[in-house]
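Following: one structure in structure tokens, then a few remarks.
The values are calculated or read from the model by the stated rules, or taken from the named source; none is laboratory data. The shown structure was predicted, so the numbers you read here are calculated from the model rather than taken from an experiment. Glycine gets a Cβ as well: all are built from the backbone with ideal geometry, and neighbour counts include every protein chain shown.
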Amino acid sequence: MEILIIEDEAEIAQLIQLYLEKEGFTCRICRDGLTALQVFQEQQPDLIVLDLMLPRLDGLEVCARIRQKPGNKDPYILMLTAKGEEIDRIIGLSTGADDYLVKPFSPRELVARVRALLRRTLRQGGQTRAYQTPHFSADVDQRVAHRQLDDHSSETLDLTTLEFDLLTTFMSHPGRVWNRTQLIEKLWGSDFFGDERVVDTHVARLRKKIEPDPANPTFLKTVIGVGYKFEDVTS
Ligand code: CA
């Protein structure tokens with residue numbers, strides 16, 4: 001697994017690298033946003049540790065540009081922020097970060113967060129093969145998805161191709177807020193021409209198949225004014 005550390009404070013960057021390499025990850029450090037974007041295109045990391053305040057291009061802009069052109073791996077992004085710094089914007093407004101840590105943080109906490117993010121997918125040869133969340137699993141090769149039931153049995157979900165793609169898109173980044181444009185890009189590609197509300201129709205159909213009560217979704221939630229997010233946590 002390859003990790004790109006984008007952090008201008010050398011001591012913090014090296015500390016992060018030290019701890020992640022002890023865990024067996026391959027790390028590369030960038031000290032400014034523009035260089036980081038170039039390195040990102042070459043390296044195609046699995047995960048990015050991204051500081052918010054950076055020279056040349058700040059972390060939010062770096063995050064937005066990576067989400068526009070995510071490459072094959074569509075990396076996880078763990079954002080670092082100084083205390084109280086615009087946390088609402090980072091987690092709320094579909095900036096594309098998957099998780100965040102407030103400085104100062106302990107390196108062990110960072111390693112735990114990185115591990116938790118990478119556990120969400122099974123990757124081989126750079127390709128994602130399966131997704132797993134507490135209640136759902138999806139095998140990308142077989143194109144089959146299961147839901148775990150309360151009695152620990154599981155049921156196969158009867159999904160259309162589009163519904164499967166929608167579910168795995170959500171499962172690839174639990175907690176991430178997606179707007180309709182981002183979901184259309186994922187499902188239909190950038191040459192989509194039509195009404196963005198088509199997304200709502202497919203979300204409604206998917207809810208009928210995965211939600212115990214589709215009118216009050218517990219997994220696939222509406223984020224008012226933005227779009228949707230998928231959340232699956234063990235109670
Ligand atoms: Ca900084």
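For the reader, a short list of remarks on this structure follows.
- Residue within region 45-65 that is more than 20 Å from A116 (Cα to Cα), without any contact (Cβ under 8 Å) to a residue 60 or more places away in the chain, assigned to a helix (DSSP H, G or I) and away from the ligand (no atom under 16 Å from the Cβ) present: yes
- Test: R180 is surrounded by 15 or more Cβ atoms within 10 Å (Cβ to Cβ), at pLDDT 95 or above and in the same structural domain as Q132 (by TED's automatic domain parsing): no
- For region 115-126, the condition of being of a type in the set (S, T, N, Q) and out of contact with any Asp or Glu (no Cβ under 9 Å at 6 or more places or on another chain) holds for at least one residue.
Residues checked against (1) hydrophobic (A, V, I, L, M, F, W, C); (2) in a strand (DSSP E or B); (3) at pLDDT below 90; (4) under 17 Å from P212 (Cβ atoms):
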residue: L122; (1), (2), (3), (4): yes, yes, yes, no
residue: R129; (1), (2), (3), (4): no, yes, yes, no
residue: D151; (1), (2), (3), (4): no, no, yes, yes
residue: E155; (1), (2), (3), (4): no, yes, no, yes
residue: F170; (1), (2), (3), (4): yes, no, no, yes
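- Flag if Q14 is closer than 16 Å to L118 by Cα and either exposed (fewer than 15 other Cβ atoms within 10 Å of the Cβ) or away from the ligand (no atom under 12 Å from the Cβ) (or both): no
Conditions (1) touching a residue at least 40 places away in the same chain (Cβ under 8 Å); (2) loosely packed, with under 14 Cβ neighbours inside 10 Å, marked per residue:
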{"position": "A116", "(1), (2)": "no, yes"}
{"position": "R147", "(1), (2)": "yes, no"}
{"position": "T156", "(1), (2)": "no, yes"}
{"position": "F164", "(1), (2)": "no, no"}
{"position": "T169", "(1), (2)": "no, no"}
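- Residues satisfying the stated conditions in region 183-205, i.e. surrounded by 14 or more Cβ atoms within 10 Å (Cβ to Cβ), β-branched (V, I, T) and more than 17 Å from K69 (Cα to Cα): V198, V199, V203
- P212 at pLDDT 95 or above and out of contact with any Leu (no Cβ under 7 Å at 6 or more places or on another chain): no
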